[in-house]
Structure formats: C-alpha cells, structure tokens
Amino acid sequence: MNMCHVFARSRSAGVALAITLLVAALGTATAQVTRPLTLEGKRALYQRVIAVPGAGIVATAGASMRQAQPVVPFTVFYVYERARVDGREWLHVGLDSTGDVRGWLPSEQGVDWRQTLTVGFKDPANQPRVPLFADRDQLKGMAEDFDASTYGELRQRAIDGDVGDSGVIAVQPDGFVDIRRNFYLVPILSHEDVLVGNYQARLLEVASVPLDYPDPYRAGIVFVIDTTVSMQPYIEQTREIMRGVYDQIEAAGLSDRVAYGLVGFRDDMSAAPGIDYVSRVFSDLTGSGDEFLRQVASVRAATVSTQGFTEDPYAGIEAALDEIDWSNHFARYVILITDAGPRLGDDPLSATGLDTQALRERLVDRGVSAWAIHLRTPTGLRENDHASAEREYRELSRIPDIGEFYYPVETGDVADFGSALETLMRQLTDQVRIAASGFRPLVEPGAPGGGEETELAAFQQRVERLGYALRLDYQQLQAGGGAVPALFRAYMLDRDLAAPGEEAVDVRVLLTRDQLSDMHDVLAQILVRAEEGALAPQNFLDELRSLSAIVSRDPEAVETASGGPGGMSLADLGYMREYIEGLPYQSEVMNLDLANWQTWTAVQQFEFINSLDGKVAYYRALHDNLDLWVSLDGGPVDGDSVYPLLLEALP
C-alpha cells in the first residue's frame, strides 16, 4: 500500500552533498541578485516553489539538463527570476531570501507554494488514520452527503492494502511523529471550505510522493564485544544499557523494525586453551528484549589471560558477517567494543588471515557499517597499543564522504563508556522510528561544528549523516530499483466523517523566524496602545491609526480604511500581515471590531489586552527557542528558518 511520504534530500550521500557545493559553481555569476520575486499584489511575500522528484538545477537558463545537478525532492526554493528560453519557462532559485542563489530550474519541476501551509498528522493511536484521495469530486461528494460509512470502508481497505479502484491512493502512516519535534513536510497546495455534518471543514489538496514499501525499513545492530579477562565491567554495562534500549523499542512499537545481536571474541585457543573460543554468537538478531537478554545472560569475561595484549576482534566481526542472519535488515551495523588492537592477516595467531582493508571490503560487500568503540585503558597505554589500534580501527570504520566511526573512551572509564553507548543506541533506534514514520523529510545534517564540540557530539553527527544516507538509499530502492518516484497530488479532509467534531489533522503555516519576529513586534506595539487605551479610551483608535501608518506594508490602504461603526478592526487598519492574509482561519484578534472601544466594559477591555499579552509572550518564547526552528537548507538557524505554527496560534 502506498504510504504518505516526502523526501527532502537527494539520491545518495554523494549527490546529497553535491547540492550544497553548487555555490562555487553557480553562485558567483548571480552575486548581484539580492531578493526574490514577490507574489502578485504583495510587497514582502516571496514566490516559492517545491522541487518535484527528479528535478535538477543548471548554471544558465536553457542549458541541457544532462548537465544538471540533482535536487532533493521537496526542497523549498525562493524564486529570484523567471525567464523563457525556446518556449520553456525557467526559474532562478535560491535556498533563502538573502541571495543564496543556486541556479536555474525548469518551471515544470517546481510546484508553486503560495501560503506555505502544511499538514500535521495527529497520533493514529488516538484517532483513525486519514485517507488521501486522487479525485477531489469523489471526496467532496462524500463530505457533502455526510457518507461516513463509505468513507470508513475505503479507509479500512486502504489500511488493508486493498485499494483497487477505490480512489484512495495513500493513507496516513501508522506511526506517529510530532511535527514540532521531528519536522516533516506535507505541503498544502490549495484549500476550500466544505460542510461535514454540522461542522465547517476544509478540503485540502496536498502534495506527496507515493512509495510502495513491501518490506519495512529494518535495522540490525550486532555488538562484537571483547570477552577477555579485563572486559567484565563493560559486558555488564552493555547488558544493562540494552535492557533500557529494548524498553524504548517496545514502547515505540518498533520491535519488528530494530533488532540487536551479540558476538563475543577472544583469541587463538592454542596459545591459551582455557579461553574456550575465538568467537561465538551469543544472540542472533532479535527484536525481543526478553529473548536478547536471555541469550546473552551467559556472556562472561574469560578467567584466564590470552597471549599478549592484542586480541582477534576480526574473528568476531567475521562471525557476525557469516553467522548472523542479516536478510531482513536494510540498515546493518557491527559495533566493536574492545580495549585491544587487532591481530592482522600476517599474524600467525589470526583466525581470519584478513588485514584491515580486506575485512573492510567484506563489510562493504555485505552492506554492513562497522563502528569501533576503543577503550583506551591504562594497560593498553603501558603496552604501547593505543596508536596502532586506533590506526586500524579508523581505517576499518571509514565510510567515504561521511567519516570514520571510531570512538575513543579515554582511560577506559566505564561510566563514560556506558553514557556514550546508551546515547548512540538511542540515536539508532530514533533513526529507525523516523524511517518507519513514512513521511519525515530527510534534511541533510550539517558538517560538525568547531570550538568546544565534544568527541561524542562529532560522532553523533556522523551517525546522523550515515542514517540519512541509508534512508535515502532505501527510499530509492523501494521506489523501483533507482527510478525516481513521481509527485502526486491528493485530497484529504481535515475532519473525519465518522467523528466530525474532532479535527483529523492540524493545518499549520510555516512562518519564518523573521515573520514571527515581525508579528511579535507589531502585536507588542498594539498591546502598549491597548493598555494606554484602557486609561484614555477616546484616544485609542487615533493611536492605532497613527501606529498602523508606521507598521503597515501599505500606508495608502490605511488612509482609506473604514472608520465607521461596525467596520473598525486591526485588519481594516492594515495590521494583518501579508503572510497570514487569506489563510483558512478566523482571527480572534485581527478581526475584532474595535469601533465601540469606548463603550466596552473594563472586563471586555481586559480580556482583549490579556489575549494580546498572551500572544506576545508566546511568540517571544517561540522565537527565542532555537531548538524548535527548522532550517530547510540544512544550515544554522536564521531568519529564513521555519516553524510549523498552528493556525489557531495566529493573532
């Protein structure tokens, strides 16, 4: 069954990085362009388009698309220029409104997005999932007839995968992602009012990408852990951490999507017969916490020492590759945990005969990413083992265009090891949850920052980039062996016919941080006038008129605003900002008739002032919380970063 899904980065890690490098090739020729085009009839509301799957950017309008740089599907571009070459319209596009121009896009590869409205899905655990229809008239007819029975039947058929000629082309995914914490994009292209029973509803036209996923995105993570005599504290710490990780997996309903396994390794038994094994699989991949913990309960560190300080972790990794069943897992990880360097292929005690490069090639062939958590203990320092071990493990874990997945634990501190491992395992689980949600856009992570950034934070940044690349590869594979999925337009209702009293989805507007700042400043100034107006009501409207001439985008319109009874509101006075004009919501502040302010009771005036004060405080807190803002270009938070604000939260 097609699930509602959107992209937000390109086809592979290499291609994803390529779009960020276009400035050098394309940006210099357009340095003189400073501001995007505005929408017709607007002074400060810019034209934007959403890139469709398969879109590409070239350096000049009319250039051959064979030279195009791939564009991430659902990238939001500002339009700086429009040009027509040989009958084809081209758009000069950039990632922000301050001149970051990237090149030329054929206009048919961008969908106009006037009001930056998007859908926020509600938790399907609390209400029915929303079906998406191919035909507007079919859905509108059901709404007008209030045909809840047919609507519910078609929804259930879609969930069951039996769509046939039902008209349903997608359905809200069964997983829940909070758009405020994990941003995704289901853009609303148009909206119209419809009546559902006795409730006013909206019929929404949205854009998405259908991806038929016969096999869910699953991740398999296998620990390859040193079980020699010095490792018992780390074995116990790993087991305890996995108990908590599995609790998280089960609570998130991901037991069928993420699984862990464990392989132990020691060293050659001929040199130390009492160590029992070179490598042993204690647990194959399983999504059951009880099963995993039961299988690894017998893992203990050896009671006798091995020969020398180096061990045979490559034997453990080879066992993980050959004896673990990876077949149902797309994302594959081997996580090596050891305090010692490896025996290489030319070592007579090596069980594999593989050097680091050869083992790395085996990992690549199986699609497995290797991480190395190196416990840099005082013993290893005395044995002069740290430098050589680090060199080999960095090479073993290196992934082109992303980096090395080598993490050192200085002094082998058990608490530091546990904290890092727990953080990384939760990050992997979260990546699977994101993939399972079916509609979060893939925003390419930025490069690791400098300054005081910790080793763990830098490692997490590489983990995020790796997860991003894997999800891109998975999406492309499931889209048909590398074929680019087509954009589709679909129709949905924001109220459910079976329960019209509750909103089925949240309609949100993507306000930029600059727009929110502007809205805050305007309301703050109105608030001051309102508080003064409570003391001198005869001057209140004159003060508002005077202020509106300063803050309005169109002072001439203010001069002609109605001043008669029943026609005086903040919207009439020009306070309604362009970016919220025409949105499908009823403004509780902007449309309130203030013509009779002098006759209002003190309670009415207080309620109005209190409402303004609440909005101002909320906008200020939202503006200042940088963690909530999303940079659609993957860069740092700036004035073009967005937040999906509920329509009801507008003034």
³J(HN,Hα) computed for each position of the stretch 536-550 - Karplus, 6.51 cos²θ - 1.76 cosθ + 1.60, integer Hz, glycine/proline x | 10, x, 5, 9, 4, 5, 5, 5, 5, 4, 5, 5, 4, 5, 7
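Over every pair of different alpha-carbon atoms in the chain, take the mean of 1/r and invert it; report that Kirkwood radius in Å.
Values: mean 1/r = 0.0356 Å⁻¹.
About 28.1 Å, per the Kirkwood formula over Cα pairs.
In debye, nearest 20, what is the charge dipole magnitude of the chain about its Cα centre with +1 on Lys and Arg Cβ and -1 on Asp and Glu Cβ, if you could check? Walk me through the numbers on the way to the answer.
Details: 55 positive and 95 negative charges, 207 e Å.
Taking the Cα centre of the chain as origin, the dipole is about 1000 debye.
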Run the quick spin-label model on SER388 and VAL304: label points 7 Å from Cα toward the beta carbon, then report their separation in nm to one decimal.
-> 2.4 nm
Which angle from 0 to 90°, rounded to the nearest 10, does the C-alpha axis of helix 455-478 make with the longest principal axis of the chain?
-> 80 degrees
For the chain, with the dipole built from +1 on Lys and Arg beta-carbon atoms and -1 on Asp and Glu ones, taken about the Cα centre, which of TYR246, GLN605, ILE169 lies farthest toward the positive end?
-> ILE169
Taking N as the number of residues in the stretch 289-378, what value does Rg over Cα atoms divided by 2.2 N^0.38 Å take?
-> 1.19
Distant-in-sequence amide H partners of VAL171 (H built 1.01 Å from N, under 5 Å) | CYS4, LEU132
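Using just the helices of the chain, give the 222 nm mean residue ellipticity in deg cm²/dmol: DSSP H runs with n ≥ 4 each add -39,500 (n - 2.57), and the total is spread over all residues, rounded to 500. Please report the intermediate quantities before stating the final value.
Numbers: 15 runs with 206 residues, N = 651.
Calculated at 222 nm, the ellipticity per residue is -10000 deg cm²/dmol.
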Scan around VAL258 for amide H atoms under 5 Å from its own, H built in the peptide plane at 1.01 Å from N, and keep only partners 5 or more places away or cross-chain.
-> ALA219
Would you mind checking the radius of gyration and Dmax of the stretch 336-393 based on alpha-carbon positions, in Å?
-> 12.2, 37
Taking only C-alpha pairs under 8 Å that are 6+ residues apart, what is the relative contact order of the stretch 219-424 in percent?
-> 23 percent
Take TYR199, TYR333 and order them by how many other Cβ atoms sit within 10 Å, fewest up front.
-> TYR199, TYR333
The stretch 515-555 -> Rg/Rh from Cα coords, Kirkwood Rh, value 1.01
In terms of the charge dipole of the chain, which places +1 on Lys and Arg and -1 on Asp and Glu at the beta carbon, the residue among TYR618, TRP104, TYR468 farthest towards the positive end is TRP104
Exposure proxy check on LYS122, LYS42: fewest-to-most Cβ neighbours within 10 Å is LYS42, LYS122
Under a straight-distance cross-link criterion of Cα-Cα below 12 Å, which aspartates and glutamates are reachable from LYS615, leaving out those fewer than 8 residues away in the same chain?
-> ASP521, GLU588, GLU648
Evaluate the stretch 129-185: find the radius of gyration of its Cα atoms, find its Kirkwood radius, and give the ratio Rg to Rh.
-> 1.04
Computed ³J(HN,Hα) along the stretch 406-422: with the Karplus parameters 6.51/-1.76/1.60, θ = phi - 60°, integer Hz and x for glycine or proline, the list is 10, 10, x, 10, 5, 6, x, 4, 5, 5, 5, 4, x, 4, 5, 5, 4
With no solvent term and unit scatterers on the alpha-carbon positions of the stretch 510-649, Debye gives log₁₀ I(q)/I(0) at q = 0.22 Å⁻¹ of -1.42
Using Cα atoms only, what is the angle between the long axis of helix 232-251 and the major principal axis of the chain, expressed in degrees (0 to 90) to the nearest 10?
-> 30 degrees
From the Cα centre of the stretch 41-86 to that of the stretch 494-554, the distance in Å is 33 Å
Sorted from largest down, what three extents in whole angstroms do the Cα atoms of the stretch 219-424 have along their principal axes?
-> 46, 36, 30
Cα axis of helix 148-160 to longest principal axis of the chain: angle in degrees, 0 to 90, nearest 10?
-> 20 degrees
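Throughout, read-outs are computed from the coordinates displayed, never taken from laboratory work. Note that the coordinates shown come from a computational prediction; the quantities given were computed from them, not determined experimentally. Virtual Cβ from ideal backbone geometry, glycine too; neighbours counted across all protein chains shown.
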